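A short write-up of the structure that comes next.
The values are calculated or read from the model by the stated rules, or taken from the named source; none is laboratory data. Predicted model only: the values in this text are computed from it and were never measured. Here the Cβ is made from the backbone with ideal geometry for all residues, glycine too, and neighbour counts use every protein chain on show. Side chains are part of the model used for accessible areas, which takes the heavy atoms of the whole protein and leaves out ligands, DNA and RNA. Shrake-Rupley method; radii C 1.70, N 1.55, O 1.52, S 1.80 Å.
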Amino acid sequence: FRSDGIAIGGLVPRMRDRESLFGIVDAVRNAVPNLPLHVFGVGKPDVVEALYERGVQSVDSSSYVKAAADGRFWGAPGRVLVDASPMERLQLALCNLATATQSAVPLSRAQVVCCPDRVFNTPLSQLR
């Protein structure tokens with residue numbers, strides 16, 4: 001049997017017990033050190049960073065979209081876009097994705113940028 005990589009699923013219920021989650025990932029990484037490792041469903045910024053430090057190559061999550069739907073900035077729990085329009089929530093989802101993946105996402109409007117210390121086309125006064 002040949003595999004191009006290994007994927008681990010079922011870890012979302014273990015998010016509250018990070019040592020258990022990391023123990024599973026570490027055990028798989030130690031058992032299969034030479035193949036790419038993907039973790040399904042785990043997307044909190046601090047956990048993703050720790051997973052990458054443990055040799056995980058990729059993760060997937062819908063957390064950044066759920067945060068945008070609630071008007072929340074990824075990785076900045078205290079920042080919320082108040083009364084965001086559907087377009088602003090879509091732009092926030094793209095910005096959250098860019099933040100989560102630490103990459104740039106091309107956007108159509110020069111003023112639309114993201115992250116906790118930057119703004120949308122929304123006045124700062126509307127951010128809480």
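If you check A98 against the conditions, is it at pLDDT below 80, assigned to a helix (DSSP H, G or I) and of a type outside the set (F, W, Y)?
Considered against the rule, which asks whether it is at pLDDT below 80, assigned to a helix (DSSP H, G or I) and of a type outside the set (F, W, Y), A98 comes out as yes.
From the list V25, V48, V56, which residue is modelled with pLDDT of 90 or more, under 17 Å from the mean Cα position of the chain (by Cα), open to solvent by less than 30 Å² (accessible area, probe 1.4 Å) and under 30 Å from R2 (Cα atoms)?
V56
Of all residues assigned to segment 37-44, at least one qualifies as being modelled with pLDDT under 90, open to solvent by less than 20 Å² (accessible area, probe 1.4 Å) and under 21 Å from A93 (Cβ atoms). Every condition in (1) within 24 Å of T99 (Cβ to Cβ); (2) in a helix (DSSP H, G or I) holds for V56 except the one numbered (2).
Restricting segment 31-49 to residues that are outside any loop (DSSP other than H, G, I, E, B) and free of Cβ contacts under 8 Å to residues at least 12 places away in the same chain leaves a set whose member that is nearest to V59 (Cα to Cα) is E49. Would you mention how many residues in segment 61-85 are open to solvent by less than 20 Å² (accessible area, probe 1.4 Å) and in a loop (DSSP other than H, G, I, E, B)? So the count comes out to 2. Counting the residues of segment 11-22 that are under 25 Å from L92 (Cα atoms) and either at pLDDT 95 or above or open to solvent by 40 Å² or more (accessible area, probe 1.4 Å) (or both) gives 1.
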